[in-house]
Amino acid sequence: MGSIGEFDRAEFARIAGVVAARSAALLRTRVVVSDERRVVIASSDPRVIGHVVDDVFPNDDRMCLRVPLRLDNQAGEVLIEPSESEAVSPRLTEALVDLMIGQVAVVDRLPVQPELKNRFVANLLAGAAGDEDAVLRQAKALGLDLGPPRAVILIDAANYVLGSEAGDREEASLLEEDVRRRTQFVIASVVGFFKLPTDTIVAAIGEGELAVLKASNTRNLATWAKEEDQTTPASPSWANLSALQRASGALLARLRADTGATISIGVGRYHPGIKGLASSYQDARAALSIGRRMRGENRVHGLDGLGIGAFVGVTDERTKADLATHLLSPLDHEPGLLSTLDAFFAADCSPSVTACGLGIHRNTLAHRLDKVASMTGLDPRRFDDAVQIRLALVVRSLEPGHAAAGTQSPREEPRVH
């Protein structure tokens with residue numbers, strides 16, 4: 001394969017670090033990884049890095065379980081110290097570590113030229129897919145299963161893939177092969193995190209970004225689902241989104257640990273059909289772009305978590321209307337609360353003026369606003385939340401079939417609660 005450059009040695013040491021950390025956590029014992037010179041390049045005990053193995057185990061390292069570690073022409077060895085707390089058979093330990101090495105270094109087994117898959121996925125996300133049956137046949141030929149409903153997770157890993165954190169791209173001197181290897185490592189990390197390759201389709205779409213076509217039905221997101229997710233949303237597009245965002249948060253933590261770089265993620269909603277992948281990608285792209293500018297890097301961004309920014313930054317009117325409907329859907333069967341909100345905003349959010357205008361006690365008004373906050377997660381008495389609710393009400397009122405909130409309930413008689 002030719003000579004190994006400095007980048008490859010650094011990559012080998014970093015992968016060794018991931019193997020050492022995960023093996024130590026799993027087996028609850030000290031794990032050391034050495035290179036071909038028997039120098040420790042990674043360990044669960046950072047104090048021994050840079051030492052010779054013979055100094056780390058001055059008595060005898062033959063008691064340690066030894067598993068070979070090889071990446072391209074770089075070779076080393078994983079040494080697992082016998083655990084004093086739990087007895088695990090050497091054969092099982094070796095199998096577990098070997099499996100872990102295979103997962104972490106799966107970069108070696110990925111196709112050398114995944115351009116066809118990347119181009120195919122890029123076309124899907126761009127909305128350039130043709131006849132659905134033809135798309136499914138092409139996907140099958142590429143080994144991609146588009147049968148399950150999928151949503152798009154957009155990963156910005158440019159700081160790692162392109163070496164942006166090292167400064168200017170030219171200064172980093174990353175060759176095309178280096179970029180390819182780093183891209184494949186991120187792909188391997190994503191697939192390893194979700195465990196089932198058929199559950200996750202990952203493609204590099206350029207500029208250090210990767211698109212994950214994640215199976216987004218309830219069964220495939222069960223690990224990240226919570227009881228409160230069971231409430232049926234107004235639109236199927238918002239179903240399982242909370243679980244998908246939790247999965248993305250856990251994925252972000254894994255990628256940051258594996259790469260040591262700045263990474264951000266945008267999450268799209270599920271949209272039905274093959275062509276729905278393009279809509280999901282647009283959601284993820286908007287969430288990532290707006291969220292990164294508003295809330296910074298190293299976070300997971302979704303449309304429903306952008307607050308006012310979603311209504312200001314999203315250009316697609318249909319998406320804004322969907323978001324407004326989603327935010328207000330818990331109040332769909334609460335016309336009295338909607339009328340109260342309308343009056344509250346008409347009174348410039350003054351509780352006394354609102355209560356007087358509605359003919360109710362201020363305590364009754366406070367109870368209603370508390371209920372709005374509990375049901376929607378947005379408190380009308382907080383400025384940002386109030387603006388978000390107001391924008392949602394305005395956007396939804398412009399949709400055909402929706403009347404202004406103030407027309408839904410007559411003036412009420414005074415009551416003291």
Report summary line: Simple SL model, points at 7 angstrom along Cα→Cβ for Asn123 and Asp379; separation in nm is 5.2 nm
Query raised in the report: How large is ³J(HN,Hα), in whole Hz, for each residue of the stretch 247-254 in order, when computed from phi with the Karplus curve 6.51 cos²θ - 1.76 cosθ + 1.60 and θ = phi - 60°, using x for Gly and Pro?
Result: 4, 5, x, 5, 5, 4, 4, 5
Requested in this report: Enter the accessible area of Val97 (Å², nearest 10), with the probe set to 1.4 Å and all protein chains included.
Outcome: 0 Å²
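Of Lys214/Lys320; Lys117/Lys275; Lys195/Lys275; Lys226/Lys275; Lys226/Lys320, which pairs sit farther than 21 Å apart, going by alpha carbon to alpha carbon?
Values: Lys214/Lys320 24 Å; Lys117/Lys275 17 Å; Lys195/Lys275 26 Å; Lys226/Lys275 29 Å; Lys226/Lys320 26 Å.
Going by Cα-Cα distance, Lys214/Lys320; Lys195/Lys275; Lys226/Lys275; Lys226/Lys320 fall outside the 21 Å limit.
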Report summary line: Taking only protein heavy atoms and a 1.4 Å probe, the highest-to-lowest accessible-area order of Glu317, Glu399, Glu209 is Glu317, Glu399, Glu209
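Explain nothing, just the number: relative contact order of the stretch 260-358, from Cα pairs under 8 Å at least 6 residues apart, as a whole percent. Walk me through the numbers before you get to the answer.
Values: 98 pairs, mean separation 19.7, N = 99.
For the stretch 260-358, the relative contact order is 20 percent.
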Report summary line: Label model pair Arg38, Glu227: point-to-point distance (7 angstrom along the Cα→beta-carbon line) in nm is 5.8 nm
Report task. Report the far tail of the P(r) of the stretch 219-325, meaning the percent of Cα-Cα pairs longer than 18 Å. Result -> 50 percent
Query - Heavy-atom accessible area ranking, 1.4 Å probe, most first, across Met294, Met100, Met375, Met63 - result: Met63, Met294, Met375, Met100
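What's the carbon and sulfur percent of the stretch 177-306's accessible surface, probe 1.4 angstrom, rounded to a whole number? Can you show the working numbers first?
On the way: 2590 of 5220 Å².
Heavy-atom surface of the stretch 177-306 belonging to carbon and sulfur, 1.4 Å probe: 50 percent.
The values are calculated or read from the model by the stated rules, or taken from the named source; none is laboratory data. Note that the structure is a prediction, hence the values are computed from the model and not measured. Counting neighbours? That spans all protein chains shown, and the Cβs are built from the backbone with ideal geometry, glycine included. Areas reflect the complete protein model, heavy atoms only, side chains present, ligands, DNA and RNA absent. Shrake-Rupley method; radii C 1.70, N 1.55, O 1.52, S 1.80 Å.
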